[in-house]
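Heads up: the structure comes next, in structure tokens.
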Amino acid sequence: MDLGPFLLLASLEGLVQAAVLSLSALGLCLVFGVLRVVNVAHGEFHMVGAVIAWSVSHALFGHPLFGFLVALLAAPLFVGVIAFTADRVILRKINHNPEATIVATIGMLYVIQQSVLIGFGPDARAMEPPFYFHVNFPWFGYSGYKLSVILMAVALLLMVWHVISRTRLGLLMRATQLDREMAQVFGIPVGWVYGLVFAAGAMLAALGAVLIAPIRQVHYLMGLDPLLMSFIVVIIGGLGSIRGTLLAALVIGMSDGIISMLFSPTLAKMISTLLVALVLIFKPEGLFGQHKP
Amino acid sequence: MMENSGKRSLALHIGVLALLSLLPFILPDYHHLTITRIMILAMFALGYNVLFGYVGLLSLGHAMFFACGLYAAGLPVYHLGWEVPLAFLFAVVISALAAALIGAIALRTQGVAFMIVTLMFSQVAYLATLYFSNVTGGDEGLVLPEHARRFEILGMLVDLTSPQVRYYTALGLLSASALIVYRWVNSGLGREWVAVRENESRTGMLGYNTFLIKLKAMVISGTLSGSAGAAYGLLFAYIGSTFASIQYSIDALLFTLLGGAGTVLGPILGSFIMFYLIDFFSGHTTAYLLATGVVLILLIMYFPLGVLGTLRKRWLHWLP
Amino acid sequence: MVALVAVSLLSTRKLNRRFGGIVAVKDVDFSLEQGEIRGIIGPNGAGKTTFVNLLSGCFASDSGQIVFQGVDITGQPAWKRARLGIAYTFQITSIYPGLTVFENVAIGAQVRIRQSSKSKASPDEKPGLEEIVDNCLRLTGLDRSRTRLAAELAYGHQRLLEIAVNLAVDPVLLILDEPTQGLSVDEIEEFTGLLKCIRSNRTLILIDHNLPFVMNLADRVTVMDQGGILAENDPKGIQRDVRVKTAYLGE
Ligand SMILES: Nc1ncnc2c1ncn2[C@@H]1O[C@H](COP(=O)(O)OP(=O)(O)OP(=O)(O)O)[C@@H](O)[C@H]1O
Ligand SMILES: [Mg+2]
């Protein structure tokens with residue numbers, strides 16, 4: 001293939017990756033922004049979302065599109081309920097202490113992952129795409145479903161943006177984020193807002209998983225990669241900055257696709273993890289985030 | 001008063017180690033190998049506890065120090081035919097250097113950022129063991145050659161294929177580490193550590209160079225962990241990537257939390273409880289990881305001081 | 001005693017510190033003599049805490065210079081300044097709540113022992129440490145709480161403990177930020193006695209809103225307002241100063 005078409009193909013793959021990544025990274029970023037905690041079980045919520053999607057589409061008869069649409073509702077709902085409960089039962093008990101939360105969510109990671117292993121088994125399973133059609137470029141054909149993933153992700157991101165900036169829930173969220181004590185004084189039910197945001201973060205990860213499930217294999221260990229990638233994105237984007245996170249997701253999603261075509265994936269992961277750790281140490285405000293006030 | 005409780009706690013620690021030395025006569029053979037492994041991992045947790053329990057720094061990457069010792073000891077033996085004692089010493093030195101380097105960089109961060117940074121460094125180290133698999137053997141690992149199974153030290157022939165020899169070597173290393181840590185904890189060094197843990201800014205304002213204190217603790221912690229790794233590799237004649245994986249960092253944290261962070265015996269007790277708990281629920285990996293998760297959550301929710309920490313708070317105030 | 005030229009223990013030149021848009025400390029020229037008790041007063045938000053934090057090294061200054069005992073310490077970190085003899089008790093009590101009273105003070109005493117024996121420490125380091133701790137506890141009247149946890153002490157005693165910890169370091173200059181805040185009248189009286197007792201071989205900076213307390217103890221008083229120095233005089237002179245009255249006492 002010539003360089004031009006090759007780059008086009010790589011960018012399309014990168015865009016799909018970036019679209020899904022931006023959803024799950026945004027979830028991690030919201031939770032960090034409002035609750036000031038890092039959710040290490042984030043990737044497992046992604047994985048559970050994918051498993052639910054596979055199970056729903058597998059169990060329902062009829063057109064795969066129908067199963068997909070049901071999954072698009074069921075997966076985030078299911079994951080949201082788990083996350084909400086986990087927050088109210090576990091994280092509230094430890095007062096969302098940042099270090100204790102990491103330990104607790106590591107525990108959640110193992111519990112969720114191993115429960116799925118017991119229930120779902122160790123095999124990787126493929127999910128049928130909701131529709132097949134090829135978009136024909138002059139040089140190659142491309143999956144229409146992958147293109148629609150990009151569009152759906154953009155639509156979902158717009159919805160999230162709407163909720164944050166235009167609704168009452170978003171207002172409560174932003175108030176809690178700015179000043180927890182003050183929010184409490186003004187009668188905002190901070191505990192509920194925390195629970196809802198934690199659930200929302202997990203639901204975003206699950207939504208990303210439903211979109212990606214028909215492209216990738218569904219597997220009980222698939223949570224690790226999105227977790228690390230979301231970490232990377234959130235750190236590069238400036239911890240808690242939504243705009244920075246989205247920008248970083250775009251850049252990293254795109255470049256990851258291209259880089260892993262050129263280098264060994266292990267080497268690529270090694271170098272990028274190292275670089276990100278150094279960013280966190282030497283430039284904790286991130287590369288794309290605004291300076292903290 | 002101080003004198004008295006000091007003697008009592010020293011007696012307790014020596015008593016525990018003495019008990020361990022008697023176990024092989026009491027327990028059936030099946031347990032010997034298990035306890036040998038537990039003791040090495042307990043030594044690892046002991047090193048972890050210096051940093052986490054006493055200085056208050058929660059690292060999520062100590063597997064990299066364990067693996068550093070493991071490979072620094074195992075690779076020269078495998079590729080260059082080094083003698084076991086030399087390889088062990090070499091691993092100790094390399095672990096200290098690695099801990100100093102990682103510490104100098106990672107200690108610029110605090111709290112959550114420190115946890116994430118150590119996690120990431122450790123992940124890089126893990127990936128490196130996979131990437132350079134032509135040297136390290138990667139996931140499959142390397143089995144150390146026959147010449148590494150016996151060596152001569154001070155005119156004594158040590159045969160590592162004998163379970164008894166392995167058991168008492170592990171016990172010797174664990175005892176030495178425990179007594180060293182015990183001594184340090186009860187000295188001015190331990191006071192500095194606890195001062196940093198309890199109130200770092202106050203400590204700095206009193207004239208302590210807190211960065212240096214943390215760095216020294218990191219080196220001590222990393223060296224102990226690395227020595228444990230080296231011992232593991234040499235005693236069991238196997239080195240592999242799994243030992244660098246996140247799982248091992250979490251184990252050190254888990255054992256320490258369970259037994260009681262900030263107590264000398266805590267990590268040892270935690271390792272034993274966890275191992276036998278798992279043994280009880282059958283030895284499947286699934287059971288092990290699931291139990292790890294459940295125990296972590298329960299500990300952090302209801303029992304953050306661990307077994308010995310709780311005992312100390314309630315009754316045994318003199319426990320170091 | 002014959003003082004040749006009054007050599008200042010500590011002086012600052014054009015010291016500045018901003019927080020975002022707020023100029024908390026603005027062009028402060030300040031000078032302190034060996035052995036004096038200096039009061040610093042001023043309305044809330046005048047910049048008193050920020051100023052002494054610049055002296056102790058808690059915050060870095062944006063510009064300006066600080067000289068202590070003839071050494072330029074402007075760029076030095078807090079722990080180095082502490083070793084030179086600058087001690088600071090925080091406006092918000094800062095102790096080791098999870099440790100016993102004894103251990104709290106021992107942490108301070110250990111710095112002193114390390115420093116006094118720059119060479120190899122004497123083998124009988126222990127009695128030295130206990131001696132220092134016991135002295136400081138007796139001085140502050142905390143000797144009976146020796147084995148209690150610092151967190152269990154009453155608020156006033158916690159403040160005293162922080163002072164005891166700092167005394168254990170044996171500082172040249174001790175900066176006290178609102179030490180009487182939250183103390184009862186009786187406690188303040190006792191505390192005044194303590195300060196009179198420890199002043200013999202040290203220099204003190206005393207920030208407080210309790211004016212009678214400051215006026216009673218201080219040799220000189222500096223009045224800060226809006227980040228700058230408004231006036232500086234002996235207590236009598238300050239009480240007569242019209243500018244001070246309008247800015248502060250008048251309210
Ligand atoms: N860490 C900080 N971040 C931002 N602004 C600060 C900070 N510390 C102080 N300020 C601001 O600097 C100004 C001076 O504060 P400072 O605490 O020095 O005053 P103060 O004279 O000690 O007041 P008080 O008598 O209430 O203790 C205030 O406007 C305060 O809001
Ligand atoms: Mg103040």
(message) Checking the condition modelled with pLDDT of 90 or more and more than 26 Å from C:Thr100 (Cα to Cα), which residue from C:Leu176, C:Leu206, C:Leu161 passes?
(response) C:Leu206
(message) Taking the conditions exactly as written (of a type in the set (S, T, N, Q) and closer than 30 Å to B:Glu200 by Cβ), does B:Thr129 satisfy them or not?
(response) no
(request) Out of C:Leu174, C:Leu167, C:Leu160, C:Leu206, report the one residue that is within 30 Å of B:Gly207 (Cβ to Cβ), within 16 Å of ligand 2 (Cβ to nearest atom) and surrounded by 22 or more Cβ atoms within 10 Å (Cβ to Cβ). (result) C:Leu206
(request) List the helices (runs of 4 or more DSSP H) that sit entirely inside the range B:39-156 and contain at least 1 residues that are of a type in the set (Val, Ile, Thr), within 11 Å of chain A (Cβ to nearest Cβ) and within 30 Å of A:Ile235 (Cα to Cα). (result) B:84-106, B:111-131
(request) Give, as residue ranges, the strands (runs of 3 or more DSSP E) completely inside the range C:1-102 that count at least 2 residues that are under 30 Å from C:Glu130 (Cα atoms) and within 16 Å of ligand 1 (Cβ to nearest atom). (result) C:86-89
(message) Can you report the number of residues in the range A:34-77 which are outside any loop (DSSP other than H, G, I, E, B) and surrounded by 21 or more Cβ atoms within 10 Å (Cβ to Cβ)?
(response) 22
(message) Just checking, does the range B:192-213 include any residue being assigned to a helix (DSSP H, G or I), surrounded by fewer than 22 Cβ atoms within 10 Å (Cβ to Cβ) and either away from chain C (no Cβ under 14 Å) or within 18 Å of the chain's Cα centre (by Cα) (or both)?
(response) no
(request) Could you please find all residues in the range C:32-58 being more than 14 Å from ligand 2 (Cβ to nearest atom) and crowded, with 23+ Cβ neighbours inside 10 Å? (result) C:Arg38, C:Gly57
(message) Pull out all pairs, ordered by first then second residue, where Cβ-Cβ is under 9 Å, the residues are six or more apart or on different chains, the first lies in the range C:86-102 and is within 21 Å of C:Leu32 (Cα to Cα) and at the interface with chain B (Cβ under 7 Å from one of its Cβ atoms), and the second is away from ligand 2 (no atom under 16 Å from the Cβ) and part of a loop (DSSP other than H, G, I, E, B).
(response) C:Tyr88/C:Gly57; C:Tyr88/C:Pro171
(request) Residue by residue through the range A:228-246, note down the ones that are surrounded by 23 or more Cβ atoms within 10 Å (Cβ to Cβ) and either touching a His at 6+ places or on another chain (Cβ under 6 Å) or of a type in the set (S, T, N, Q) (or both). (result) A:Ser230, A:Thr245
(message) Tell me yes or no: at least one residue of the range C:125-138 is surrounded by 22 or more Cβ atoms within 10 Å (Cβ to Cβ), away from ligand 2 (no atom under 16 Å from the Cβ) and more than 14 Å from chain B (Cβ to nearest Cβ).
(response) yes
(request) Restricting attention to the range C:208-231, report how many residues are free of Cβ contacts under 8 Å to residues at least 60 places away in the same chain and within 16 Å of ligand 1 (Cβ to nearest atom). (result) 3
(request) Scan (1) hydroxyl-bearing (Ser, Thr, Tyr); (2) within 14 Å of another protein chain (Cβ to nearest Cβ); (3) touching a residue at least 12 places away in the same chain (Cβ under 8 Å) for the single condition B:Ser177 breaks and write down its number. (result) (2)
(request) Would you be able to say whether some residue in the range C:21-29 is surrounded by fewer than 15 Cβ atoms within 10 Å (Cβ to Cβ), away from ligand 2 (no atom under 16 Å from the Cβ) and touching a residue at least 40 places away in the same chain (Cβ under 8 Å)? (result) yes
(message) Given (1) out of contact with any Leu (no Cβ under 6 Å at 6 or more places or on another chain); (2) surrounded by 24 or more Cβ atoms within 10 Å (Cβ to Cβ), identify the lone condition not met by A:Gly208.
(response) (1)
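The values are calculated or read from the model by the stated rules, or taken from the named source; none is laboratory data. As the structure is a prediction and not an experimental result, all values here were calculated from the model. Don't worry about glycine lacking a Cβ; one is built from the backbone with ideal geometry, like all the others, and counts go over all protein chains shown.
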